[in-house]
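Below is one structure; the comments refer to it alone.
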Protein chains: 2
Amino acid sequence: MKGYTRHRAEDAAAIGTLAPWESLIADAIGNVIEFWNFKRSHGAVWALLYLRGRPLDAAAIQAELGMSKGGVSMAVRELEQWGVVRRTRSPGDSAWHYVAETDFFGMIGKVVAEREGALVDSVVRDLTRAEALAVERSVDEAELERVQRMRRLAEFVSMALRTFLKTANLDIGATKDALDAPDEGG
Amino acid sequence: MKGYTRHRAEDAAAIGTLAPWESLIADAIGNVIEFWNFKRSHGAVWALLYLRGRPLDAAAIQAELGMSKGGVSMAVRELEQWGVVRRTRSPGDSAWHYVAETDFFGMIGKVVAEREGALVDSVVRDLTRAEALAVERSVDEAELERVQRMRRLAEFVSMALRTFLKTANLDIGATKDALDAPDEGG
DNA sequence: CGACTGGTTCACGATCGCGTGAACCTCTCT
DNA sequence: AGAGAGGTTCACGCGATCGTGAACCAGTCG
(Lines give C-alpha, C1' and ligand atoms only; values in the text may rest on other atoms or scores of the structure.)
Protein backbone atom coordinates (compact mmCIF):
# COMPACT_ATOMS: atom_id res chain seq x y z
CA MET A 1 0.00 0.00 0.00
CA LYS A 2 1.54 3.12 -1.19
CA GLY A 3 0.11 5.67 1.17
CA TYR A 4 0.90 3.84 4.35
CA THR A 5 4.45 2.66 3.92
CA ARG A 6 5.78 5.86 5.36
CA HIS A 7 9.41 6.75 5.27
CA ARG A 8 10.84 6.87 8.70
CA ALA A 9 11.46 10.54 9.22
CA GLU A 10 14.89 10.13 10.78
CA ASP A 11 16.22 8.33 7.72
CA ALA A 12 15.56 11.28 5.45
CA ALA A 13 18.10 13.74 4.10
CA ALA A 14 20.54 10.99 3.29
CA ILE A 15 21.01 12.68 -0.06
CA GLY A 16 20.90 16.33 -1.00
CA THR A 17 22.20 19.26 0.99
CA LEU A 18 19.07 19.87 3.03
CA ALA A 19 19.41 20.38 6.75
CA PRO A 20 18.07 17.43 8.76
CA TRP A 21 15.13 19.37 10.12
CA GLU A 22 14.24 20.52 6.63
CA SER A 23 14.17 17.05 5.15
CA LEU A 24 12.14 15.97 8.14
CA ILE A 25 9.51 18.39 6.95
CA ALA A 26 9.90 17.50 3.28
CA ASP A 27 9.34 13.89 4.20
CA ALA A 28 6.32 14.64 6.34
CA ILE A 29 4.70 16.54 3.49
CA GLY A 30 5.67 13.73 1.16
CA ASN A 31 3.86 11.24 3.37
CA VAL A 32 0.71 13.31 3.32
CA ILE A 33 0.42 13.98 -0.36
CA GLU A 34 1.59 10.51 -1.33
CA PHE A 35 -1.51 9.27 0.40
CA TRP A 36 -3.57 11.30 -2.06
CA ASN A 37 -1.78 9.72 -4.99
CA PHE A 38 0.63 12.52 -5.61
CA LYS A 39 4.31 11.89 -5.86
CA ARG A 40 6.62 12.16 -2.94
CA SER A 41 9.00 14.46 -4.79
CA HIS A 42 6.24 16.98 -5.38
CA GLY A 43 5.88 17.38 -1.65
CA ALA A 44 9.60 17.74 -1.18
CA VAL A 45 9.91 20.46 -3.81
CA TRP A 46 6.99 22.43 -2.49
CA ALA A 47 8.20 22.10 1.11
CA LEU A 48 11.64 23.38 0.14
CA LEU A 49 10.22 26.37 -1.69
CA TYR A 50 7.84 27.15 1.13
CA LEU A 51 10.48 26.88 3.83
CA ARG A 52 12.97 29.09 2.03
CA GLY A 53 10.35 31.70 1.36
CA ARG A 54 12.23 33.12 -1.59
CA PRO A 55 12.47 32.17 -5.27
CA LEU A 56 14.84 29.30 -5.99
CA ASP A 57 16.06 28.21 -9.40
CA ALA A 58 16.04 24.65 -10.69
CA ALA A 59 19.73 24.13 -9.96
CA ALA A 60 19.23 24.98 -6.29
CA ILE A 61 16.29 22.61 -5.97
CA GLN A 62 18.28 19.91 -7.66
CA ALA A 63 21.21 20.32 -5.31
CA GLU A 64 19.17 20.65 -2.12
CA LEU A 65 16.96 17.67 -2.75
CA GLY A 66 19.44 15.52 -4.64
CA MET A 67 17.08 15.11 -7.55
CA SER A 68 17.90 14.83 -11.22
CA LYS A 69 17.57 17.70 -13.67
CA GLY A 70 14.65 16.09 -15.42
CA GLY A 71 12.95 15.27 -12.18
CA VAL A 72 13.01 18.87 -11.05
CA SER A 73 11.66 19.99 -14.40
CA MET A 74 8.72 17.61 -14.23
CA ALA A 75 8.01 18.32 -10.59
CA VAL A 76 7.85 22.10 -10.95
CA ARG A 77 5.84 21.82 -14.12
CA GLU A 78 3.14 19.77 -12.43
CA LEU A 79 3.19 21.88 -9.29
CA GLU A 80 2.66 24.85 -11.54
CA GLN A 81 -0.27 23.20 -13.28
CA TRP A 82 -1.90 22.62 -9.92
CA GLY A 83 -1.28 26.23 -9.02
CA VAL A 84 0.79 25.55 -5.90
CA VAL A 85 4.03 26.91 -7.35
CA ARG A 86 4.61 30.05 -9.38
CA ARG A 87 7.39 30.72 -11.83
CA THR A 88 9.07 34.13 -11.95
CA ARG A 89 12.01 35.62 -13.74
CA SER A 90 13.83 38.62 -12.36
CA PRO A 91 14.99 41.08 -15.03
CA GLY A 92 18.56 40.49 -16.03
CA ASP A 93 18.38 36.90 -14.93
CA SER A 94 18.72 34.04 -17.35
CA ALA A 95 17.14 31.37 -15.16
CA TRP A 96 13.58 30.85 -13.99
CA HIS A 97 12.89 31.00 -10.28
CA TYR A 98 10.12 29.22 -8.43
CA VAL A 99 8.03 30.31 -5.45
CA ALA A 100 5.60 28.35 -3.32
CA GLU A 101 1.98 29.42 -3.24
CA THR A 102 0.70 29.36 0.31
CA ASP A 103 -2.75 28.08 -0.60
CA PHE A 104 -1.26 24.63 -0.98
CA PHE A 105 -4.03 22.59 0.52
CA GLY A 106 -6.76 24.53 -1.20
CA MET A 107 -5.24 23.81 -4.57
CA ILE A 108 -4.53 20.18 -3.79
CA GLY A 109 -8.08 19.87 -2.55
CA LYS A 110 -9.36 21.10 -5.88
CA VAL A 111 -7.34 18.53 -7.79
CA VAL A 112 -8.43 15.74 -5.48
CA ALA A 113 -12.03 16.90 -5.78
CA GLU A 114 -11.90 16.63 -9.55
CA ARG A 115 -10.40 13.16 -9.40
CA GLU A 116 -12.78 11.83 -6.79
CA GLY A 117 -15.68 13.36 -8.62
CA ALA A 118 -14.70 11.58 -11.82
CA LEU A 119 -14.23 8.34 -9.93
CA VAL A 120 -17.60 8.50 -8.22
CA ASP A 121 -19.32 9.49 -11.43
CA SER A 122 -17.86 6.56 -13.30
CA VAL A 123 -18.99 4.24 -10.54
CA VAL A 124 -22.53 5.54 -10.70
CA ARG A 125 -22.46 5.15 -14.47
CA ASP A 126 -21.24 1.56 -14.27
CA LEU A 127 -23.76 0.61 -11.63
CA THR A 128 -26.58 2.14 -13.66
CA ARG A 129 -25.45 0.22 -16.70
CA ALA A 130 -25.15 -2.98 -14.68
CA GLU A 131 -28.66 -2.50 -13.42
CA ALA A 132 -29.95 -2.08 -16.96
CA LEU A 133 -28.15 -5.23 -18.05
CA ALA A 134 -29.56 -7.10 -15.07
CA VAL A 135 -33.06 -6.07 -16.06
CA GLU A 136 -32.47 -7.21 -19.65
CA ARG A 137 -31.32 -10.61 -18.50
CA SER A 138 -34.28 -10.67 -16.11
CA VAL A 139 -32.21 -11.76 -13.16
CA ASP A 140 -33.54 -12.86 -9.82
CA GLU A 141 -35.76 -10.31 -8.11
CA ALA A 142 -33.81 -10.18 -4.87
CA GLU A 143 -30.52 -9.81 -6.68
CA LEU A 144 -31.88 -6.98 -8.76
CA GLU A 145 -33.02 -5.30 -5.59
CA ARG A 146 -29.50 -5.44 -4.21
CA VAL A 147 -28.07 -3.89 -7.36
CA GLN A 148 -30.55 -1.07 -7.11
CA ARG A 149 -29.67 -0.49 -3.48
CA MET A 150 -26.04 -0.30 -4.47
CA ARG A 151 -26.68 2.22 -7.20
CA ARG A 152 -28.78 4.32 -4.88
CA LEU A 153 -26.01 4.30 -2.31
CA ALA A 154 -23.50 5.35 -4.96
CA GLU A 155 -25.73 8.24 -5.96
CA PHE A 156 -26.06 9.21 -2.35
CA VAL A 157 -22.30 9.14 -1.90
CA SER A 158 -21.90 11.20 -5.05
CA MET A 159 -24.16 13.89 -3.65
CA ALA A 160 -22.63 13.72 -0.20
CA LEU A 161 -19.18 14.08 -1.71
CA ARG A 162 -20.13 17.19 -3.63
CA THR A 163 -21.64 18.71 -0.53
CA PHE A 164 -18.64 17.81 1.55
CA LEU A 165 -16.21 19.21 -0.99
CA LYS A 166 -17.86 22.60 -0.82
CA THR A 167 -17.68 22.58 2.95
CA ALA A 168 -14.15 21.22 2.91
CA ASN A 169 -13.03 23.92 0.52
CA LEU A 170 -14.43 26.53 2.86
CA ASP A 171 -12.74 24.93 5.83
CA ILE A 172 -9.42 24.77 4.10
CA GLY A 173 -9.89 28.26 2.79
CA ALA A 174 -10.38 29.43 6.35
CA THR A 175 -6.98 28.07 7.25
CA LYS A 176 -5.40 29.45 4.14
CA ASP A 177 -3.76 32.27 6.00
CA ALA A 178 -2.16 29.83 8.38
CA LEU A 179 0.61 29.26 5.87
CA ASP A 180 1.04 32.90 4.90
CA ALA A 181 4.34 34.19 6.11
CA PRO A 182 4.09 37.31 8.28
CA ASP A 183 7.14 38.93 6.71
CA GLU A 184 8.95 38.59 3.41
CA GLY A 185 5.93 36.93 1.90
CA GLY A 186 6.69 36.02 -1.73
CA MET B 1 -1.32 6.69 -9.85
CA LYS B 2 -3.04 3.67 -8.58
CA GLY B 3 -6.42 5.01 -7.65
CA TYR B 4 -7.11 6.76 -10.91
CA THR B 5 -6.13 4.29 -13.57
CA ARG B 6 -9.56 2.79 -13.57
CA HIS B 7 -10.35 -0.36 -15.42
CA ARG B 8 -12.72 0.32 -18.26
CA ALA B 9 -15.89 -1.31 -17.06
CA GLU B 10 -16.71 -2.96 -20.37
CA ASP B 11 -13.42 -4.85 -20.44
CA ALA B 12 -14.19 -6.69 -17.25
CA ALA B 13 -15.32 -10.29 -16.89
CA ALA B 14 -12.80 -11.47 -19.42
CA ILE B 15 -11.93 -14.23 -16.98
CA GLY B 16 -14.08 -16.05 -14.50
CA THR B 17 -17.66 -17.18 -14.95
CA LEU B 18 -19.29 -13.98 -13.73
CA ALA B 19 -22.13 -12.52 -15.78
CA PRO B 20 -21.10 -9.31 -17.53
CA TRP B 21 -23.32 -7.14 -15.40
CA GLU B 22 -21.90 -8.72 -12.27
CA SER B 23 -18.31 -8.07 -13.18
CA LEU B 24 -19.31 -4.56 -14.10
CA ILE B 25 -20.27 -4.15 -10.46
CA ALA B 26 -17.26 -5.99 -9.12
CA ASP B 27 -15.07 -3.67 -11.12
CA ALA B 28 -16.88 -0.57 -9.97
CA ILE B 29 -16.42 -1.56 -6.35
CA GLY B 30 -12.81 -2.40 -7.10
CA ASN B 31 -12.26 1.11 -8.44
CA VAL B 32 -13.68 2.66 -5.31
CA ILE B 33 -11.79 0.71 -2.70
CA GLU B 34 -8.59 0.70 -4.71
CA PHE B 35 -8.63 4.44 -4.29
CA TRP B 36 -8.47 3.92 -0.54
CA ASN B 37 -5.45 1.68 -0.86
CA PHE B 38 -7.31 -1.57 -0.64
CA LYS B 39 -6.82 -4.24 -3.22
CA ARG B 40 -9.03 -4.59 -6.24
CA SER B 41 -9.68 -8.27 -5.57
CA HIS B 42 -11.10 -7.48 -2.15
CA GLY B 43 -13.80 -5.43 -3.79
CA ALA B 44 -14.55 -8.16 -6.30
CA VAL B 45 -14.93 -10.83 -3.65
CA TRP B 46 -17.15 -8.72 -1.47
CA ALA B 47 -19.28 -7.64 -4.44
CA LEU B 48 -19.79 -11.24 -5.48
CA LEU B 49 -20.82 -12.31 -2.01
CA TYR B 50 -23.12 -9.35 -1.62
CA LEU B 51 -24.78 -9.85 -5.00
CA ARG B 52 -25.39 -13.54 -4.49
CA GLY B 53 -26.86 -12.94 -1.07
CA ARG B 54 -26.09 -16.45 0.11
CA PRO B 55 -22.99 -18.15 1.51
CA LEU B 56 -20.45 -19.18 -1.11
CA ASP B 57 -17.49 -21.45 -0.56
CA ALA B 58 -13.94 -20.71 -1.64
CA ALA B 59 -14.19 -22.92 -4.72
CA ALA B 60 -17.19 -20.97 -6.01
CA ILE B 61 -15.46 -17.62 -5.48
CA GLN B 62 -12.39 -18.94 -7.22
CA ALA B 63 -14.37 -20.10 -10.24
CA GLU B 64 -16.59 -17.03 -10.54
CA LEU B 65 -13.81 -14.50 -10.26
CA GLY B 66 -11.08 -16.51 -11.93
CA MET B 67 -8.79 -16.07 -8.95
CA SER B 68 -6.24 -18.48 -7.59
CA LYS B 69 -6.83 -20.63 -4.54
CA GLY B 70 -4.32 -18.69 -2.49
CA GLY B 71 -5.72 -15.40 -3.61
CA VAL B 72 -9.19 -16.30 -2.42
CA SER B 73 -7.82 -17.46 0.92
CA MET B 74 -5.98 -14.19 1.51
CA ALA B 75 -8.85 -12.05 0.31
CA VAL B 76 -11.48 -13.62 2.54
CA ARG B 77 -9.12 -13.62 5.48
CA GLU B 78 -8.54 -9.90 5.25
CA LEU B 79 -12.17 -9.14 4.54
CA GLU B 80 -12.96 -11.10 7.67
CA GLN B 81 -10.44 -9.11 9.71
CA TRP B 82 -12.10 -5.91 8.58
CA GLY B 83 -15.46 -7.34 9.52
CA VAL B 84 -17.04 -7.02 6.08
CA VAL B 85 -17.29 -10.77 5.48
CA ARG B 86 -18.39 -13.49 7.85
CA ARG B 87 -17.43 -17.16 7.73
CA THR B 88 -20.00 -19.83 8.44
CA ARG B 89 -20.12 -23.58 8.25
CA SER B 90 -23.37 -25.44 7.78
CA PRO B 91 -23.59 -28.68 9.80
CA GLY B 92 -22.60 -31.67 7.75
CA ASP B 93 -20.56 -29.53 5.42
CA SER B 94 -16.82 -29.90 5.13
CA ALA B 95 -16.13 -26.51 3.57
CA TRP B 96 -16.38 -22.99 4.98
CA HIS B 97 -18.88 -20.62 3.44
CA TYR B 98 -18.60 -16.87 3.29
CA VAL B 99 -21.26 -14.17 3.56
CA ALA B 100 -21.05 -10.45 2.93
CA GLU B 101 -21.78 -8.07 5.78
CA THR B 102 -23.93 -5.23 4.58
CA ASP B 103 -22.22 -2.57 6.67
CA PHE B 104 -19.42 -2.55 4.16
CA PHE B 105 -18.69 1.15 4.10
CA GLY B 106 -18.95 1.55 7.82
CA MET B 107 -16.28 -1.06 8.35
CA ILE B 108 -14.06 0.24 5.59
CA GLY B 109 -14.46 3.69 7.06
CA LYS B 110 -13.17 2.45 10.38
CA VAL B 111 -10.09 0.94 8.81
CA VAL B 112 -9.41 4.08 6.80
CA ALA B 113 -9.92 6.19 9.89
CA GLU B 114 -7.27 4.27 11.78
CA ARG B 115 -4.81 4.57 8.94
CA GLU B 116 -5.37 8.26 8.33
CA GLY B 117 -5.21 8.93 12.01
CA ALA B 118 -1.83 7.22 12.26
CA LEU B 119 -0.60 9.13 9.21
CA VAL B 120 -1.67 12.52 10.52
CA ASP B 121 -0.26 11.81 13.94
CA SER B 122 3.11 10.87 12.53
CA VAL B 123 3.13 14.08 10.51
CA VAL B 124 2.39 16.18 13.56
CA ARG B 125 5.13 14.35 15.43
CA ASP B 126 7.68 14.94 12.67
CA LEU B 127 6.81 18.60 12.31
CA THR B 128 7.08 19.09 16.06
CA ARG B 129 10.48 17.45 16.04
CA ALA B 130 11.56 19.52 13.05
CA GLU B 131 10.54 22.65 14.87
CA ALA B 132 12.57 21.66 17.90
CA LEU B 133 15.60 20.97 15.72
CA ALA B 134 15.15 24.31 13.99
CA VAL B 135 15.17 26.07 17.35
CA GLU B 136 18.33 24.23 18.37
CA ARG B 137 20.13 25.27 15.23
CA SER B 138 18.74 28.77 15.77
CA VAL B 139 17.56 29.16 12.21
CA ASP B 140 16.29 32.35 10.64
CA GLU B 141 13.33 33.89 12.44
CA ALA B 142 11.04 34.01 9.41
CA GLU B 143 11.80 30.42 8.49
CA LEU B 144 11.06 29.26 12.01
CA GLU B 145 7.77 31.10 11.84
CA ARG B 146 6.83 29.16 8.71
CA VAL B 147 7.62 25.86 10.36
CA GLN B 148 5.45 26.78 13.30
CA ARG B 149 2.60 27.72 11.01
CA MET B 150 2.94 24.38 9.30
CA ARG B 151 2.83 22.48 12.54
CA ARG B 152 -0.18 24.43 13.70
CA LEU B 153 -1.95 23.66 10.46
CA ALA B 154 -1.14 19.97 10.85
CA GLU B 155 -2.59 20.00 14.34
CA PHE B 156 -5.67 21.72 13.02
CA VAL B 157 -6.04 19.10 10.30
CA SER B 158 -5.59 16.37 12.87
CA MET B 159 -8.46 17.75 14.93
CA ALA B 160 -10.61 18.43 11.90
CA LEU B 161 -10.05 14.88 10.70
CA ARG B 162 -11.15 13.40 14.00
CA THR B 163 -14.25 15.54 14.01
CA PHE B 164 -15.03 14.68 10.43
CA LEU B 165 -14.55 10.98 11.02
CA LYS B 166 -17.16 11.04 13.74
CA THR B 167 -19.58 12.84 11.46
CA ALA B 168 -18.68 10.65 8.52
CA ASN B 169 -19.23 7.53 10.55
CA LEU B 170 -22.66 8.78 11.45
CA ASP B 171 -23.43 9.66 7.85
CA ILE B 172 -22.38 6.27 6.63
CA GLY B 173 -24.20 4.63 9.47
CA ALA B 174 -27.35 6.37 8.33
CA THR B 175 -27.05 4.78 4.93
CA LYS B 176 -26.18 1.42 6.40
CA ASP B 177 -29.63 0.03 5.75
CA ALA B 178 -29.36 0.98 2.10
CA LEU B 179 -27.45 -2.21 1.46
CA ASP B 180 -29.60 -4.46 3.63
CA ALA B 181 -31.49 -6.89 1.47
CA PRO B 182 -35.24 -6.85 2.03
CA ASP B 183 -35.57 -10.63 1.74
CA GLU B 184 -33.22 -13.56 2.26
CA GLY B 185 -30.89 -11.33 4.24
CA GLY B 186 -27.91 -13.36 5.49
C1' DC C 1 25.16 35.78 -34.94
C1' DG C 2 27.25 32.09 -32.43
C1' DA C 3 28.04 29.91 -28.09
C1' DC C 4 26.35 28.68 -23.86
C1' DT C 5 23.35 28.19 -19.97
C1' DG C 6 19.08 26.57 -18.60
C1' DG C 7 14.84 23.79 -19.59
C1' DT C 8 12.23 19.88 -21.57
C1' DT C 9 11.42 15.34 -23.25
C1' DC C 10 11.67 10.52 -23.34
C1' DA C 11 13.40 5.71 -23.35
C1' DC C 12 15.57 2.87 -20.14
C1' DG C 13 16.39 0.63 -15.59
C1' DA C 14 15.45 -0.02 -10.79
C1' DT C 15 11.94 -0.78 -7.49
C1' DC C 16 7.79 -2.26 -5.49
C1' DG C 17 3.45 -4.51 -4.79
C1' DC C 18 0.35 -8.01 -6.16
C1' DG C 19 -1.41 -12.52 -7.55
C1' DT C 20 -0.09 -17.09 -8.61
C1' DG C 21 0.35 -21.84 -7.65
C1' DA C 22 2.89 -25.41 -5.50
C1' DA C 23 3.98 -27.27 -1.05
C1' DC C 24 2.36 -27.80 3.30
C1' DC C 25 -0.95 -28.17 7.06
C1' DT C 26 -5.60 -29.15 9.27
C1' DC C 27 -9.78 -31.00 9.90
C1' DT C 28 -13.57 -33.95 8.57
C1' DC C 29 -15.73 -38.17 7.44
C1' DT C 30 -15.42 -43.04 6.88
C1' DA D 1 -6.61 -43.96 12.18
C1' DG D 2 -6.21 -43.18 7.28
C1' DA D 3 -7.47 -40.82 3.30
C1' DG D 4 -8.64 -36.88 1.10
C1' DA D 5 -10.70 -32.45 0.53
C1' DG D 6 -10.27 -27.81 1.98
C1' DG D 7 -7.38 -24.00 3.70
C1' DT D 8 -3.00 -21.50 4.44
C1' DT D 9 1.54 -19.93 3.50
C1' DC D 10 5.20 -18.23 0.86
C1' DA D 11 8.85 -17.68 -2.74
C1' DC D 12 8.70 -16.40 -7.39
C1' DG D 13 7.31 -13.75 -11.71
C1' DC D 14 4.83 -10.23 -13.77
C1' DG D 15 3.30 -5.62 -14.47
C1' DA D 16 3.13 -1.03 -13.26
C1' DT D 17 5.33 3.11 -11.70
C1' DC D 18 8.83 6.48 -10.80
C1' DG D 19 13.20 8.77 -11.29
C1' DT D 20 17.27 9.08 -13.98
C1' DG D 21 20.19 11.07 -17.34
C1' DA D 22 21.30 11.71 -22.04
C1' DA D 23 19.76 13.94 -26.11
C1' DC D 24 17.40 17.69 -27.68
C1' DC D 25 15.48 22.54 -27.78
C1' DA D 26 15.10 27.62 -26.52
C1' DG D 27 16.27 31.76 -25.03
C1' DT D 28 20.16 34.99 -23.60
C1' DC D 29 24.30 37.36 -23.48
C1' DG D 30 28.65 38.58 -25.38
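The values are calculated or read from the model by the stated rules, or taken from the named source; none is laboratory data. Owing to the predicted nature of the structure, the values given are computational and were not obtained by experimental measurement. So basically every Cβ, Gly included, is an ideal-geometry build from the backbone, and we count neighbours across all protein chains shown. These area figures cover heavy atoms from the full protein model, side chains too; ligands, DNA and RNA do not enter into them. Shrake-Rupley method; radii C 1.70, N 1.55, O 1.52, S 1.80 Å.
Summary table below
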item: Solvent accessible area, Å² - B:R149, 1.4 Å probe, full protein context; result: 40
item: Pairs beyond 32 Å (Cα-Cα), from A:K69/B:K39; A:K39/B:K166; A:K166/B:K39; A:K39/B:K110; result: A:K69/B:K39
item: Rounded to the nearest 10 Å², the accessible area of B:H7 at probe 1.4 Å; result: 90
item: Semi-axis lengths, Å, region A:35-111, gyration tensor of Cα atoms, sqrt of 5 times eigenvalues; result: 20, 14, 11
item: 7 Å along Cα→Cβ, label-point gaps from B:T88 to other copies, nm, shortest first; result: 6.7
item: B:K110 - accessible surface, heavy atoms, 1.4 Å probe, Å² rounded to 10; result: 110
item: Average beta carbon contacts from partner chains per residue of A:149-159, 10 Å cutoff; result: 4
item: Other protein chain Cβ atoms within 10 Å, averaged over every residue that makes up B:32-41; result: 3
item: Dipole moment magnitude, nearest 20 debye, region A:118-159 about Cα centre, only Lys, Arg, Asp, Glu C-beta charged; result: 140
item: Pseudo-label separations to other copies for B:A118 - Cα-to-Cβ vector, 7 Å, nm; result: 3.0
item: For B:S73, inter-copy label distances in nm, listed shortest first [label point 7 Å out on the Cα-Cβ vector]; result: 5.0
item: Qualifying GluC sites (Glu not before Pro) in region B:24-128, DSSP loop, other Cβ atoms within 10 Å at most 16; result: none
